[in-house]
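The next block holds one structure in the form of structure tokens; read it before the comments.
A short reminder: the numbers here are calculations on the coordinates, not readings from a lab. Nothing here was measured: the structure is a model prediction, and the numbers come from that model. FYI the Cβ positions are ideal-geometry reconstructions off the backbone, even for glycines, and counts take in every protein chain you see.
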Amino acid sequence: MSVKAIQIQAIGGPEQLKLAEVEVGAPGPGEIRIRHHASGLNFIDVYHRTGLYPLKLPHALGMEGAGVVEAVGEGVTHLKAGDRAAYASNPPGSYSEARVMPAKNVCKLPDGIAFDTAAAMMLKGLTVQYLLKRVRPVEGLEQGDHVLFHAAAGGVGLIACQWARALGLQLIGTAGGAAKCALAKEHGAAHVIDYTKEDFVARVKEITGGKGVKAVYDSVGKDTFEKSLDCLRPFGLLAAFGNASGPVAPFAPQILAAKGSLYVTRQTLFTHIATREVTQAMAEDLFAVVQSGAVKIRIDQRYPLADAAQAHRDLEGRKTTGSTVFVI
């Protein structure tokens, strides 16, 4: 059958995002066909479009979505036709009305979670889950500990603010501008720093009484990396998980010794959800914290698929807050 999808034929700017008719067939072994109701927008989609994370072209974009399973292939036992489902998954392709995809990372969606909410939270929420619960400093995290989270008013950041509060952590969030700082504070950040007006290193030291934080979670990359190291206490962890400002330049490991025997790791969600069992466990944790009300998913932007280029412009121009979805 023929469906509409957003594809790129070449790497480049948002103008490369084109609405196309593509053929979708029956699922093969280990696959499903899903009819999307909503798909999520994430910065990784920009990395695919620009070629930072190369794809074989032409290729559809989009890493998270939610909808109804239309058919399942041989060997798929955790889903059936008619199930409500949601996912964060490779390969890209959620910017579409329907697709065939691997079933491994697709999870049955609880009835109490709407499709647009699910599409806004799967990649972002699972990212927060692994950052706060699976990527921890060597000395661990305990209630009352300070952590620093950059881009705290974005889709990942607002989930992190709330989940950190639920875990008893003192999250210090950075954001650009008073309105974004207020949004992070409203969603549970213990402290906020407007990086357009304040030196975030100085403020972190002030907030922590000169000690620094146990962990920094950094999706910004090049622009924040060195200063993020300066925010850490001895044996602290910098967990990088994105490159919104560009990739981090090579650095000499000796700098980690000089700054306090620090740890640095570059994480990606797809290593964590490499197996069906871990994907399901992480998703169940996310579903539970959302259904409990401790974490609310804020969707501030909705676009039709045809406006994908504008959605990318707004994301890269830092005009968005919370999560963004394509309503299909």
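The protection proxy used here, the mean number of other Cβ atoms lying within 10 Å of each residue, ranks peptides 60-73, 310-323 as follows, highest first: 60-73, 310-323. Summarising the amide proton neighbourhood of THR324: residues at separation of 5 or more, or on other chains, whose placed amide H is nearer than 5 Å comprise LEU41. With Cα atoms defining each centre, segment 1-40 and segment 221-259 are spaced 36 Å apart in the structure. With a Förster radius of 30 Å applied to the beta-carbon distance between GLN310 and GLU284, the computed FRET efficiency rounds to 0.30. Among SER2, SER245, sorting on how many other beta-carbon atoms sit within 10 Å of each Cβ, with the fewest leading, yields SER2, SER245. Across segment 120-209, the mean sequence separation of Cα contacts (distance under 8 Å, 6 or more residues apart), normalised by length, yields a relative contact order of 24 percent. Count Lys and Arg as plus one, Asp and Glu as minus one, and take only other residues whose Cβ is under 12 Å from that of LEU158; the net charge is then +4.
Ordered by the number of other Cβ atoms lying within 10 Å of each residue's own Cβ, fewest first, THR50, THR275 fall into the sequence THR275, THR50. If I require 20 Å or longer along the helix axis, counting alpha carbons, and a Kyte-Doolittle average no lower than 0.0, what helices from the chain are left? Use full DSSP H segments. The qualifying helices are 115-133, 276-291. Straightening the chain between LYS211 and TYR263 buys 17.1 nm, computed as 0.36 nm per residue apart minus the Cα-Cα spacing.
Note on segment 136-266: Kirkwood radius taken over Cα pairs, Stokes-Einstein applied at 25 °C and 0.890 mPa s, translational D equal to 171 µm² s⁻¹. Each principal axis of the Cα cloud of the chain was taken in turn, and the coordinate range along them, longest first, works out to 61, 38, 37 Å. Ranked by the mean number of other Cβ atoms within 10 Å of their residues, highest first, the peptides 296-304, 91-99 fall in the order 91-99, 296-304. Under the criterion of Cα pairs below 8 Å and six or more residues apart, the relative contact order for segment 136-266 equals 22 percent. Under the criterion of Cα pairs below 8 Å and six or more residues apart, the relative contact order for the chain equals 18 percent.
For the peptides 216-224, 77-85, the ranking by packing is 216-224, 77-85, with the highest mean count of neighbouring Cβ atoms within 10 Å listed first. Exposure proxy shown here: for TYR53, TYR47, TYR130, the number of other Cβ atoms within 10 Å sets the order, fewest to most, as TYR53, TYR47, TYR130. Give the residue from GLN129, GLY260, ALA308 lying farthest towards the positive end of the charge dipole for the chain; charges sit on Cβ (+1 for Lys and Arg, -1 for Asp and Glu) and the dipole is referred to the Cα centre. Value: GLY260. Computed about its Cα centre, the charge dipole of segment 136-266 is approximately 80 debye, with only Lys, Arg, Asp and Glu carrying charge at their Cβ. Straightening the chain between VAL135 and ILE11 buys 41.4 nm, computed as 0.36 nm per residue apart minus the Cα-Cα spacing.
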